[in-house]
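The values are calculated or read from the model by the stated rules, or taken from the named source; none is laboratory data. All values derive from a computational prediction rather than experimental measurement. Positions of Cβ are backbone-derived with ideal geometry, glycine not excepted, and every protein chain shown enters the neighbour counts.
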Amino acid sequence: MDGWLTAATATPAGVEQLRANNRTHSENKKKRHTDGTRDSYDRWWKLFGRWLTDPARRVRGRALPAATVEMALDPTDSRGEALLLMWLYELTYGPEDSQAAAEWREEFGYISPNTFNIAVAAIKARCEDELGHRPQFTTDTETALTGCRQELRKHYGPDVQATPLLGIHIRTIVSYLHRARPSWRSDGGGCTLRW
């Protein structure tokens, strides 16, 4: 690899090709997700980074020294996975005293199971984009993540899905609109629909 990089950077054309490859890679990363997803992922990535670098933001992990995202998501450092789990645990449970809980909710809002999943997906995606590797969680970490999700479901109840709009519903709406007759009011109040 080092020999290839040395050869590639030895000529101006090689350097320009590496730059072009990097631009293409960056554009492909941006196209991988919609704008809303990218914004959400960026937000969670920043929140995680701030939590790591500022121990005062932590609820249960205040005694830990400041860390960097690179250290927290280093696949060779088990302390990093512990930090990630601690952050996700705080997202799940929040602070124990009411004043800290109010401040916590102001910054993070209420975490639903879906929001929790988005936070985990954001960390995984941004780790790959920013640090060049996809985090590989141990079995213990996956078990802890499952436990956090179950705990959140206890508070939020089962996932609620919208009732689908079926053909019969559309026919009823169209039938209603077809039978309704517009009636203009003489006092300038607009149009009302009558059966």
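Check whether at least one residue in region 29-43 is assigned to a helix (DSSP H, G or I), under 29 Å from Tyr156 (Cα atoms), modelled with pLDDT of 75 or more and aromatic (Phe, Trp, Tyr), and report yes or no. Yes - at least one qualifying residue is present in region 29-43. Within region 44-68, the set of residues being modelled with pLDDT under 85 and among the aliphatic types (A, V, I, L, M) comprises Ala56, Val59, Ala63, Leu64, Ala66, Ala67. Quick one: how many residues across region 37-93 are among the polar types (S, T, N, Q) and within 13 Å of Ile123 (Cα to Cα)? Looking only at that region, the number is 2.
Could you please let me know if Leu88 is closer than 28 Å to His155 by Cα and among the hydrophobic types (A, V, I, L, M, F, W, C)? When the stated conditions are applied, Leu88 passes them. Could you list, in sequence order, the residues of region 115-152 that are under 17 Å from Tyr89 (Cβ atoms), without any contact (Cβ under 8 Å) to a residue 40 or more places away in the chain and either surrounded by 14 or more Cβ atoms within 10 Å (Cβ to Cβ) or under 10 Å from the mean Cα position of the chain (by Cα) (or both)? Listed by number, the residues that qualify are Thr115, Phe116, Asn117, Val120, Arg149. Entry remark, region 53-82: residues being within 18 Å of Glu128 (Cβ to Cβ) and free of Cβ contacts under 8 Å to residues at least 60 places away in the same chain number 7 in total. If the condition is being buried (at least 17 other Cβ atoms within 10 Å of the Cβ) and touching a residue at least 60 places away in the same chain (Cβ under 8 Å), then region 86-114 contributes Leu88, Thr92.
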